[in-house]
1. In the set B:GLY110, B:GLY70, which member is in contact with a strand residue (DSSP E or B) (Cβ under 6 Å, 6 or more places away or on another chain) and touching a residue at least 40 places away in the same chain (Cβ under 8 Å)?
2. Could you check how many residues of segment B:6-24 are at the interface with chain A (Cβ under 8 Å from one of its Cβ atoms) and either assigned to a loop (DSSP other than H, G, I, E, B) or not aromatic (Phe, Trp, Tyr) (or both)?
3. Within segment B:243-257, which residues are within 14 Å of chain A (Cβ to nearest Cβ) and of a type in the set (A, V, I, L, M, F, W, C)?
4. Search segment A:33-73 for residues being of a type in the set (Ser, Thr, Tyr), assigned to a loop (DSSP other than H, G, I, E, B) and surrounded by 18 or more Cβ atoms within 10 Å (Cβ to Cβ), and hand back the single one that is farthest from the other protein chains (Cβ to nearest Cβ).
5. Of B:PRO280, B:PRO251, which residue is in the same structural domain as B:SER213 (by TED's automatic domain parsing) and touching a Lys or Arg at 6+ places or on another chain (Cβ under 7 Å)?
6. For segment A:140-155, indicate whether the set of residues that are assigned to a helix (DSSP H, G or I), among the basic types (Lys, Arg) and at the interface with chain B (Cβ under 9 Å from one of its Cβ atoms) is non-empty.
7. What strands (runs of 3 or more DSSP E), lying completely within segment B:517-627, carry at least 1 residues that are within 36 Å of the chain's Cα centre (by Cα)?
8. If we scan segment B:12-19, do we find a residue that is assigned by TED's automatic domain parsing to the domain that holds B:ALA124 and among the hydrophobic types (A, V, I, L, M, F, W, C)?
Amino acid sequence: MTVTTMTVNGKSRSAPTEGRTLLVDFLREGLRLTGTHVGCDTSQCGACLVHVDGQPAKACTVLAQECEGAEVTTIEGMANADGSLGKIQQAFQDYHGLQCGFCTPGMVMAAASLLKENPRPSEQEVRHYLEGNICRCTGYHNIVKAIMAASGQQVEAVAAE
Amino acid sequence: MPKDMGIGASSKRREDVRFLTGKGRYTDDINVAGQAHVVFCRSDVAHGRIEGIDTSAAEGMPGVIRVFTGADFEGVGSIPCGWQVTDKHGEPMQEPAHPVLAQGKVRHVGDPYAAVVAETKAQARDAAEAVEASITELPAVINMKDALAEGATKVHDDLRDNLCYDWGFVEENKDAVAKAFDEAAHVTSLELVNNRLVANPMEPRVAVGDYASHDDSSTLYTTSQNPHVIRLLMGAFVLGIPEHKLRVVAPDVGGGFGTKIFHYAEEAFCTFAAKQLEMPVKWTSTRGEAFMSDAHGRDHVTKIELALDAENNFTALRTETYANMGAYLSTFAPSVPTWLHGTLMAGNYKTPLVYVNVKAVFTNTVPVDAYRGAGRPEATFQLERVVDKAARELGVDPVALRRQNFVTEFPYQTPVAVEYDTGDYNGTMDVLEKMIDRDGFAARRKESEARGKLRGLGINSYIEACGIAPSNLVGQLGARAGLYESATVRVNATGGLVVMTGSHSHGQGHETSFAQVVADMIGIPEDQVEIVHGDTARVPMGMGTYGSRSLAVGGSAMVRATEKIIAKAKKIAAHLMEADEGDVELKDGKFSVAGTDKDVAWGDVTLAAYVPHNYPLEDIEPGLEETAFYDPNNFTYPAGAYACEVEVDPETGKVDVVAFAAADDFGNVVNPMIVEGQVHGGLAQGIGQALLENCAYDEDGQLLSASYMDYAMPRAFDFPMFQVDSQSSQTPCTHNPLGVKGCGEAGAIGSPPSVVNAVVDALQSGGFTDVYHIDMPLTPDRVWGAMNGSATGQGAAQPAANADDTTQARSVGDGTTATH
């Protein structure tokens, strides 16, 4: 066992790791940050998506020790400083972009990466960017709306169409 | 104007805040101090005899606490089945034993035969690799018709054969139906497959068993849609733990779609092992395990025939279905192809005579049970496909043919036992036709054709039955449970209240919508109402969430309990205002006396209930807490009309859904935003079934689609924005207090035939006039094949020249079909 240290949501955090410990297990089991989820074994579903040094990364496919010293942001780090929902999080609530909530942390992290790269994406750009994030509840309809709204674009209200 | 609170308002979901900030508490987030971890050893063959299991090497590995095999479960009960179907001869179905860990034989890929408990998950996984099982592979039966052949290998050696039951409904109508077919002016028939699916909630299943030796009590944390049902099934039938010594907690659950209704062996294992070892035992499914251990859905092969008279009135309907049960009977499996399917075969139509035959078959595959819609998607798909084919054969408009045959007078007694209380099928069809600009379709088709694409429009109706169900009725039909729901409303001294509901929310937003109902009834802010669910220690009783029953049944129980609260509160208010109880009114959280200026606030009454200084103690007890059990007296019947527009690329066979519209009648709607979200999700699963998803076995019973690399989960780019409307044509349910019908499954029920109707329409328009049907999923390979001479879904009636070489062949062997 080694002790691995990284900056998680702005704070230096350490936990013991084995060589095979995945970043997602370091976060969930080592730090008890259970907002990052595991939905598959093959890096397809995106429920585990976090940001490592500003880039989106599937935490089920990254070894914790590779992230020694890295800056990691998880869903727990996405709220405003006063604890209120961040802009993307608020749009997901406003546009009913989540149901069971299990894929949601990955969706929010993916949306943040998308909007950083492409601040005003088209509907098709949003849909294609989410290729690596699977949702089984929403049919993606309201996720797409939420991300469009978070980018400041005009979107029809929910339940008013 | 949309309302801003209470019933009818699109209140934002309170549960979202925790899910959006990573504070959800799912079962895998629960860790009990001192817990051990279990990893199951699962069969990698479809059928095999267990000659011996050598656990000695595994037991010597670091951190290993104990290795269990089937022998450790002798004397422990079998995983029970909750529904006994009686066959057409009046005999009970064949019901095999289902041990927690396999005994004697393994019967499907994924069947667990040993379990390694170790201090860490990694140690358990390492040691599971060291368990040496000697398993002699046996011939496997995968194809249902092979399984029923004379002399076929038996999945269960102690059963007569692989036929679970042969069900006829309504058996007494069989001859009259045959006569109607003899006299028909036109008969349309179709053979089709309802493809095997995997529910795939994004949260894999998890179980944590715990045992407290100081009071001999057990606790199970599990990913369940119905913790009380698990407590009963596991406690009473498997482990022999009385309900007062067993607590089952289903906290935040990351989607269910039916597959988390059932009691699973892993739940029983963790509870059992925790007591044996006197330490908590946790299991977290991998996605790969989920594919081979979560109950699958659908997997029917059907021949359907529709008889019409010379005026195109439907005169009779006849079906023959083979329904795959898999290797064991999952909790509600026998009810799905029978009572949840045969009773819906009249559809929206006044067909006077219906006969449904279902043969349920054991095979060496994962058990099959309810998946979103459960029986009703299978009924709707075959019916709406055969009606579409009839319209095409007769050269009439498919909408006009449907309208001509719609039931228009209610209540309507169908020939398949159920009575529709209310509905307006022309009403939803009118809404749909406005939504889709049907008149503009010809121009849109022309525009597509100019780009080299074929465009098709598919329209259909659907009806389903929700709000399961009257207990006395389902008891007669073989259910081994009552299907009421309960709610307890506990008002606190300062006026806030807690509703403890037996319904379970795993994405449906009950914490918001249920609070809207109670807040509206009393006239207090929604944030004064807390909804508690998912814990047998906090909620007195519950039958759980499935079959779109939560609001219709659970909500009704909550309304009844709240009515009792209001009745008692009025007595207290009458005392405080020195008025007659009959003159007291409650509005906007205030009690008043009609015709006077006397009033008393809700909070003053609730305070008096708990500080009864000025209180009618001689007449009523202090406190303000009431429980109600609600047992419905009928199912509810949501119905609607759906339309799909597709573009097909004739070069590749790729289908793009370019528009999808859904007009639904769910009766009254509590939260339109949530209802729309439920429809969106259902549509995605139905379109996914039609175009993408297929659970495939090869002829040896190897599960070919056991990961997200092999099973095509729908992605965001597979869909357009949906058009949905559940507000414009509403016929409130006549027999529950909220007038609600249920909205959770409609999208998945109504949409598969829309897609297939649309693709057939597109191909017909391109000159492929022999294409009447293509089996789901309509992959590019299958659609291209249909355009290039493969069998096109006429099954045995019109086999392809070389059926085995095509993806249309209804047998396994090429790995692209479901198990038939």
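The values are calculated or read from the model by the stated rules, or taken from the named source; none is laboratory data. The structure displayed is predicted, hence computed values, not measured ones. FYI the Cβ positions are ideal-geometry reconstructions off the backbone, even for glycines, and counts take in every protein chain you see.
1. On the way: B:GLY70 fails: in contact with a strand residue (DSSP E or B) (Cβ under 6 Å, 6 or more places away or on another chain).
Being in contact with a strand residue (DSSP E or B) (Cβ under 6 Å, 6 or more places away or on another chain) and touching a residue at least 40 places away in the same chain (Cβ under 8 Å) holds for just one of B:GLY110, B:GLY70, which is B:GLY110.
2. As a first pass, look at segment B:6-24 and keep what is at the interface with chain A (Cβ under 8 Å from one of its Cβ atoms): B:10, B:12-13, B:15-24.
Still in the running and either assigned to a loop (DSSP other than H, G, I, E, B) or not aromatic (Phe, Trp, Tyr) (or both): B:10, B:12-13, B:15-18, B:20-24.
Summing the residues that are at the interface with chain A (Cβ under 8 Å from one of its Cβ atoms) and either assigned to a loop (DSSP other than H, G, I, E, B) or not aromatic (Phe, Trp, Tyr) (or both) in segment B:6-24 gives 12.
3. So the first thing to find is which residues in segment B:243-257 are within 14 Å of chain A (Cβ to nearest Cβ), and the list is B:250-257.
Once the filter is applied, which keeps residues that are within 14 Å of chain A (Cβ to nearest Cβ) and of a type in the set (A, V, I, L, M, F, W, C), segment B:243-257 yields B:ALA250, B:VAL253, B:PHE257.
4. Pass one, segment A:33-73, residues of a type in the set (Ser, Thr, Tyr): A:34, A:36, A:42-43, A:61, A:73.
If we keep only those that are assigned to a loop (DSSP other than H, G, I, E, B) as well, we get A:34, A:36, A:42-43, A:61.
Those left that are additionally surrounded by 18 or more Cβ atoms within 10 Å (Cβ to Cβ): A:34, A:36.
On the way: A:THR34: 4, A:THR36: 7 Å.
Among those that are of a type in the set (Ser, Thr, Tyr), assigned to a loop (DSSP other than H, G, I, E, B) and surrounded by 18 or more Cβ atoms within 10 Å (Cβ to Cβ), it is A:THR36.
5. On the way: B:PRO280 fails: touching a Lys or Arg at 6+ places or on another chain (Cβ under 7 Å).
Just a single option satisfies the conditions, and that option is B:PRO251.
6. Taking segment A:140-155 first, the residues assigned to a helix (DSSP H, G or I) are A:141-150.
Then keep just the ones that are among the basic types (Lys, Arg); that gives A:145.
Now restrict to residues that are at the interface with chain B (Cβ under 9 Å from one of its Cβ atoms): A:145.
The answer is yes, given that some residue of segment A:140-155 is assigned to a helix (DSSP H, G or I), among the basic types (Lys, Arg) and at the interface with chain B (Cβ under 9 Å from one of its Cβ atoms).
7. Details: elements: B:529-532, B:584-587, B:590-593, B:599-601.
Filter on segment B:517-627 gives B:529-532.
8. From segment B:12-19, those assigned by TED's automatic domain parsing to the domain that holds B:ALA124 are none; that's our starting set.
Scanning segment B:12-19, I find no residue that is assigned by TED's automatic domain parsing to the domain that holds B:ALA124 and among the hydrophobic types (A, V, I, L, M, F, W, C), so the answer is no.
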